[in-house]
Amino acid sequence: MQNPGEGTHSGGSLAVSCQKVSFSYPGSTRPALSDVSFELQTGEYVGVVGPNGGGKSTLVRLLNGLLKPDSGRVLISGHDPATEPFEVRKHLGVLFQNPENGLVAPFVEDDVAFGLENLGVPREEMLGRVAGAIRAVGLAGYERREPDTLSGGEKQRVALAGLLAVEPGILVLDEPTSMLDATGRREVLEHLRALRSKKTVLHVTHHLEELTSADRILVLNGGELTADKTPERLLSDAELLRENRLMLPVLPRLALELGLPPAKLRTPEELAAALLAAAESGTRAR
Amino acid sequence: MKLELRNVSHVYAPGTPFEVEALRGVSLVVEQGEVLGIVGGTGSGKSTLVQHMNLLLTPTSGDVLVDGVDARTLQKSDLRHRVGLVFQFPEAALFAPTVEEDVAFAPRQLGLGEGEVRERVRESLRAVGAGELAARSPFALSGGEKRRAAIAGVLAMKPEVLILDEPTAGLDPATREELLALIVGLRQTGISVVLVSHDLDEVAEVADRVCALQGGRVSAIGTAAEVFYTDPDQAPATVQVASLLRESKPSIGTPVRFEETLRALRSLQGDQGD
C-alpha cells in the first residue's frame, strides 16, 4: 500500500497554502481570523505561537476542513478542505490539543489503529505500523491498556501514535506536549525532529523553546498574522514578543537579565559555564 | 482546613487482568493556607492522588482525614464543596448558555438564595479576571477564557481547599502568569491550594512545599528547596543552574523562584566587583 502522503512530495510543491483567509464564529462580533495568508513548502517545519484566543486552533480547524473560511482559500496539497475533506485528511493529520476527546477504542492498540482502519490498510501492514508508532512515542508494553486508565500525558502520546501510524505527509500538531513531563516532552520532540524534511510539520505551541530549530515561526494574535520570522529573529525581538503576549522561557530570561546572550545559552550547563567564565575573567581583571 | 492522607493506596480494576496499583502507601498533609505542589512524571499517580482528597476516589486502603476526622464519615456533598477540585481540561464540562449561568450552577445546588448566588458568581469571576465574560456563551470563548470560567465555577462554592490539576496546560505564557498570580492571591485569603503540574518551573514560582511522586509512591516531600535540591535532575531550570554553580560558589545558597535565583546569580557577578 502506498503511503497516502507520498504523492505530494514532488519537487518544491506547496503543502499548505492559505490565501486571505477570514473566519468568524456564528454570533461573534470579532473575526477569529482575518485576512491570513501564508504558505508551507513541502518538508518545512513551521511553528505557530500566539496568545489564547489569537486564532491558532481556528487555523488548525480550517486546515482539515472542520471549519470553512468565510472568505479566502485554503489548499492542502492542492485540495480544498472545505469541499474535499476526505482527500485532505489522507494528506494532512491533526493532533488536537485535548487528548481526552480523541480516544475512542477499548485498548491502546485499537485506538492507534483506528485511523488506519478508516483508510483500509491491510491487516498485516497495519499491525506493523501500529507497533512501530507505539514504540516511537515510548509506550511499548501499553498495547493492551485501556485508555481510561492512562494519565493525561500517556493519552497524549497515544493520540500522537495514532497520527504517526497514518503517516500523513503533513502533520498539524496543536500543543502536542502540553500534558507531558520533561522526559516525555524530550522524547516526543526528538521524534518530531527526526521527521524533519520527511514531513511537513505545523507545530502549534506556547513553548517557544520547542521551536528554536524550526524553519519559521508564525505569530497569530487577535486573528491576524502579526509575524512570520525565523526563531532567532523572533526571540531577539523583545518588543514583538511583548506585543504578542509571548514570554521567553526561564533560561533565556535569566540569561537576558544577567546581560548574557540568550540565543546561545540553551541548557543549564551552558548558562552555568558562561556565568563561571564571566566570574573568572572578572576576578582576573581585578 | 487541614487535610491529611494516611498510608493511602489505590488499585484500579482490582482482581482483573487490568489491575494497576496507582498509589502505594501515600501519606501527606495539606496545611491551611499553603500551596502544595504535586509533581512527578507522566503516570506517577498525581491525578489519582488528588481525586482522593475529596473522595471522588476512595482509597483501597488507608485514610483521608479532614481536620482529624475520617472523611468517609462526612457528607459527600459537604466534603466536595469544602474541597473543590478543578479537573484537567475543566472547560470540557462547561454546559450552560452563559458563563454566568455556568458558574451559578454549583452554588445554586448548595441551596443558597438567589442574591447570594449572584454575589458569589460576581466574586469568583472577578477573582479569575473574567468579570467581562459573564454574559458570553462559554462555547465562544478562547481556551484560556474557558479555563478561567471553569475555575470560577469551583471557586463559587467557596472551597477551603482548592485542587487544580494541570491548570495551565494549553494556556499562553501571559495567561499562565495570571493564573499563578491568582493562586498566590487565593493563598493570601487563607485557602489552601494543591497544584498538580508537570511544569516544574511554574511549581517553583508558587509552591510553599512540594510532594514528588514516582511510581505511585511519595519519593520526596518538603519545602520546594529541600525537594528540588535533593534531585537537581528533576528540578526547575532555576535550580538546575544554581546546583551547577553551588559546588564552586556555595554562597549562592538554594534559590528556587526566578527573582530569588536572579538575585543570587547577580550577587555572583557582583563578587567580580563590577
Item to check | Among (1) in a helix (DSSP H, G or I); (2) more than 19 Å from A:Q19 (Cβ to Cβ); (3) modelled with pLDDT of 90 or more, the one test that A:V94 misses | outcome: (1)
Checklist entry - Which residue pairs have Cβ atoms closer than 9 Å, lie 6 or more positions apart in sequence or on different chains, and pair a first residue in the range A:51-73 that is under 16 Å from A:S17 (Cα atoms) and within 14 Å of chain B (Cβ to nearest Cβ) with a second residue that is in a loop (DSSP other than H, G, I, E, B) and of a type in the set (A, V, I, L, M, F, W, C)? => result A:T58/A:A32; A:T58/A:L67; A:L59/A:A32; A:V60/A:L66; A:V60/A:F96; A:R61/A:L67; A:L67/A:A32; A:L67/A:A82
Item to check | Within the range A:97-136, considering residues that are in contact with an Asp or Glu (Cβ under 7 Å, 6 or more places away or on another chain) and more than 14 Å from A:L163 (Cα to Cα), the one modelled with the highest pLDDT | outcome: A:F107
Checklist entry - Are any residues in the range B:32-54 under 11 Å from B:L3 (Cβ atoms) and at pLDDT 95 or above, and if so, which ones? => result B:E34, B:L36, B:V50, B:H52, B:M53
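Every residue, every condition in (1) closer than 22 Å to B:R82 by Cα; (2) away from chain A (no Cβ under 14 Å); (3) outside any loop (DSSP other than H, G, I, E, B); (4) not hydroxyl-bearing (S, T, Y), yes or no:
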{"position": "B:R187", "(1), (2), (3), (4)": "yes, yes, yes, yes"}
{"position": "B:H198", "(1), (2), (3), (4)": "no, no, no, yes"}
{"position": "B:L213", "(1), (2), (3), (4)": "no, no, yes, yes"}
{"position": "B:Y229", "(1), (2), (3), (4)": "no, no, yes, no"}
{"position": "B:Q240", "(1), (2), (3), (4)": "no, no, yes, yes"}
{"position": "B:S243", "(1), (2), (3), (4)": "no, no, yes, no"}
Checklist entry - Can you name every residue in the range A:248-275 that is at the interface with chain B (Cβ under 7 Å from one of its Cβ atoms) and without any contact (Cβ under 8 Å) to a residue 12 or more places away in the chain? => result A:V250, A:E257, A:E269, A:A272
Next on the checklist: With the requirement that a residue be touching a Ser or Thr at 6+ places or on another chain (Cβ under 9 Å), more than 11 Å from chain A (Cβ to nearest Cβ) and either more than 25 Å from A:P26 (Cα to Cα) or surrounded by 24 or more Cβ atoms within 10 Å (Cβ to Cβ) (or both), what does the range B:134-156 give you?
Outcome noted: B:I151, B:A152, B:G153, B:V154, B:L155, B:A156
Checklist outcome for this item: Residues of the range B:7-30 being farther than 16 Å from B:Q214 by Cα and either at pLDDT below 95 or not assigned by TED's automatic domain parsing to the domain that holds B:K158 (or both), in sequence order, are B:Y12, B:A13, B:P14, B:G15, B:T16, B:P17, B:F18, B:E19
Next on the checklist: When you scan the range B:116-136, do you find a residue that is within 23 Å of the chain's Cα centre (by Cα), farther than 24 Å from B:R187 by Cβ and not aliphatic (A, V, I, L, M), even just one?
Outcome noted: no
Next on the checklist: Given the criteria in contact (Cβ under 8 Å) with a residue 60 or more places away in the chain, among the basic types (K, R) and crowded, with 18+ Cβ neighbours inside 10 Å, does A:R216 qualify?
Outcome noted: yes
Checklist outcome for this item: Those residues of the range B:108-161 that are without any contact (Cβ under 8 Å) to a residue 40 or more places away in the chain, hydrophobic (A, V, I, L, M, F, W, C) and in a loop (DSSP other than H, G, I, E, B) come to a total of 4
Checklist entry - Among B:T189, B:T223, which is the only one that is modelled with pLDDT under 95 and either closer than 30 Å to B:G25 by Cβ or exposed (fewer than 15 other Cβ atoms within 10 Å of the Cβ) (or both)? => result B:T189
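The values are calculated or read from the model by the stated rules, or taken from the named source; none is laboratory data. Nothing here was measured: the structure is a model prediction, and the numbers come from that model. For neighbour counting, all protein chains shown are included, and Cβ atoms are generated from backbone atoms with ideal geometry for every residue, glycine included.
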